[in-house]
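Below: one structure, written as structure tokens.
Computed from the coordinates by the stated procedures, all read-outs in this text should not be read as laboratory data. Since the structure is predicted, the reported quantities are computational estimates derived from the model, not experimental observations. Ideal geometry is used to build each Cβ from the backbone, glycine not excepted, and the neighbour counts take in all protein chains shown.
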Amino acid sequence: MVHPDFTILFVDSPLKSADFYQSLFGVEPVERSATFALFVLPAGLRFGLWSRHTAEPPVTSGGGGMEVCFKREDAADVDRIYADWAGGGLRVLQTPVQMDFGYTFVVTDPDGHRLRVYSMTQE
């Protein structure tokens, strides 16, 4: 059995995207170049940003085919993050809404990758 420990997003400019994700994560990348940037997050997940122009094999699709998800403890925190991110100019795909799994919203990063923030419904 295998378990993922590394996520890579293909981006137009790893340097520009690294700035964006550094502000989101609150940590600096451990690697940063014109073709690749890497974050090692506190929980151990490695999060890479690879230039779509230099990746092999060539990247044939754009952003939006997956989501990067951020779990929060309560709906008030979801609302606070929504106000911050939407106010900062991120493109909103879904305003905060109660869904069957919890309270959530979706925005996109500058390359069109979906970012979902959610709080699970308490049973």
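So here's what we get for this one:
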item: Size of electric dipole in the chain: Cβ of Lys, Arg +1 and of Asp, Glu -1, about Cα centre, debye, nearest 20; result: 240 debye
item: On Cα atoms only, tilt of 14-25 relative to the major axis of the chain in degrees; result: 30 degrees
item: Loop-resident sites, the stretch 49-101, for chymotrypsin sites (Phe, Trp or Tyr not before Pro), counting at most 13 other Cβ within 10 Å (DSSP); result: Phe101
item: Nitroxide proxy distance, nm - points 7 Å out along Cα→Cβ at Phe6 and Cys69; result: 2.3 nm
item: FRET efficiency for Thr60 and Arg91, using Cβ-Cβ distance with R0 set to 25 Å, rounded to 0.05; result: 0.65
item: Helix 75-87 vs. the chain, principal-axis angle (Cα, 0 to 90°, nearest 10); result: 50 degrees
item: Value of Rg/Rh across the chain [Cα atoms, Kirkwood radius]; result: 0.98
item: Cα-based convex hull, the stretch 67-120, per residue volume (Å³, whole number); result: 62 Å³
item: Using distinct alpha-carbon pairs, which all enter the 1/r mean, Kirkwood radius of the stretch 1-41 in Å; result: 10.9 Å
item: Theoretical ellipticity at 222 nm over the chain - DSSP helices of four or more residues, -39500 (n - 2.57) apiece, nearest 500; result: -6500 deg cm²/dmol
